[in-house]
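One structure is given here, and the rest of the page talks about it.
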Amino acid sequence: MLENVLIKKNCSLKVKLTVKSLVSLGLVALAVALPQIVHAALGAPGGVQWLPMYLPVLLGGCLLGSLWGISIGVASPVVSFLITLAAGNPMPMAARLPFMAAELAVFGAVSGLFANKIAQNGWLAFPAVLLAQIAGRTAFMLLVLIFQAVTPFTPAVIWAQIQTGLLGMVLQAALVPFIVMGLKLLLDRDKNQND
């Protein structure tokens, strides 16, 4: 979606990359901060229920497209892990990190497939988020099934976590598209004022 706005403003490649990089950095920072806030307020179970890191990744895909969405999806848990490891309490835990990075990469990739269409019709953010959530959670489960012999996770544990996180997923399936549509309205209004 953001690419379309930058093209319509005749921005140079350097400006496009700068804007997308700054937006990506902001979303990764948000993906690191939100879980800390949720865990401080609700404890570790709050993170499993509300899935706060997922929201910025879904936004990133919808706004920036698949490649940037994948980058945000992989970077978010890795940066969070490194920062919290330095503080002595790594989040996500090391065993979960590769699974979560893969899951969030799928979130960013699938939601990003809709970015150009969302620029034309903001309502398409709803199927973008829903399909990204289904694909990402499915990828996580498939990876656990494949690697269950070398991981502490079992399909039953992950299925229980998926069920626990359903409320967070439903909230994000509603919230992210409205944020995207709100941003689209702001960007379209700004574009119309500059024409």
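The values are calculated or read from the model by the stated rules, or taken from the named source; none is laboratory data. As the structure is a computational prediction, the values presented were derived from the model and not from experiment. Note: ideal-geometry Cβ built from the backbone for every residue, glycine included; neighbour counts use all protein chains shown. Just so you know, the surface numbers come from the protein's heavy atoms only, side chains and all, with ligands and any DNA or RNA stripped out. Shrake-Rupley method; radii C 1.70, N 1.55, O 1.52, S 1.80 Å.
Quick one, which of (i) 30, 17, 15; (ii) 30, 21, 15; (iii) 43, 20, 12 is the actual semi-axes √(5λ) of the Cα gyration tensor in Å calculated for this model? So the calculated entry is the one marked (i). Backbone geometry of segment 10-25 corresponds, through the Karplus equation with coefficients 6.51, -1.76 and 1.60 at θ = phi - 60°, to 3J(HN,Hα) couplings of 6, 6, 6, 4, 4, 5, 4, 5, 5, 4, 5, 5, 5, 5, 4, 4 Hz, x marking Gly and Pro. With no solvent and one point on each alpha carbon, what is the Debye value of log10 I(q)/I(0) for segment 49-153 at q = 0.10, 0.16, 0.18 Å⁻¹? For the requested q values the scattering log ratios are -0.28, -0.67, -0.81.
Taking all protein chains together, 162, 146 sort by accessible area into 146, 162, largest first [probe 1.4 Å]. Calculated [222 nm] ellipticity per residue, helices only, for the chain: -27000 deg cm²/dmol; basis is -39500 (n - 2.57) per DSSP H run with n ≥ 4, divided by all residues, nearest 500. The mean sequence distance of close C-alpha pairs (under 8 Å, at least 6 residues apart), as a share of the length of segment 70-189, puts its relative contact order at 23 percent. Take segment 49-195 with all the other protein chains still there, run a 1.4 Å probe, and you get 47 Å² of accessible area per residue.
Overall, the accessible surface of the chain at a probe of 1.4 angstrom is composed of carbon and sulfur to the extent of 74 percent. Compare the Cα positions of 92, 21, 159 along the charge dipole of the chain (+1 at Cβ of Lys, Arg; -1 at Cβ of Asp, Glu; about the Cα centre) and return the one farthest towards the positive end. Checked the options; the winner is 21.
Residues in segment 75-89 carry Karplus couplings, in order, of 5, 4, x, 5, 5, 4, 4, 5, 5, 6, 4, 4, 8, x, 9 Hz; the curve used is 6.51 cos²θ - 1.76 cosθ + 1.60 with θ = phi - 60°, and Gly or Pro positions show x.
The charge dipole of the chain, taken about the Cα centre with unit charges on the Cβ atoms of Lys, Arg (+1) and Asp, Glu (-1), comes to about 360 debye, rounded to the nearest 20. To the nearest ten degrees, helix 125-147 and the longest principal axis of the Cα atoms of the chain are 30 degrees apart.
Taking every alpha-carbon pair under 8 Å whose residues sit at least 6 apart, segment 30-89 reaches a relative contact order of 34 percent. Using the Karplus relation 6.51 cos²θ - 1.76 cosθ + 1.60 with θ = phi - 60°, the per-residue 3J(HN,Hα) values for segment 160-166 come to 4, 5, 4, 5, 4, x, 4 Hz, with x marking Gly and Pro.
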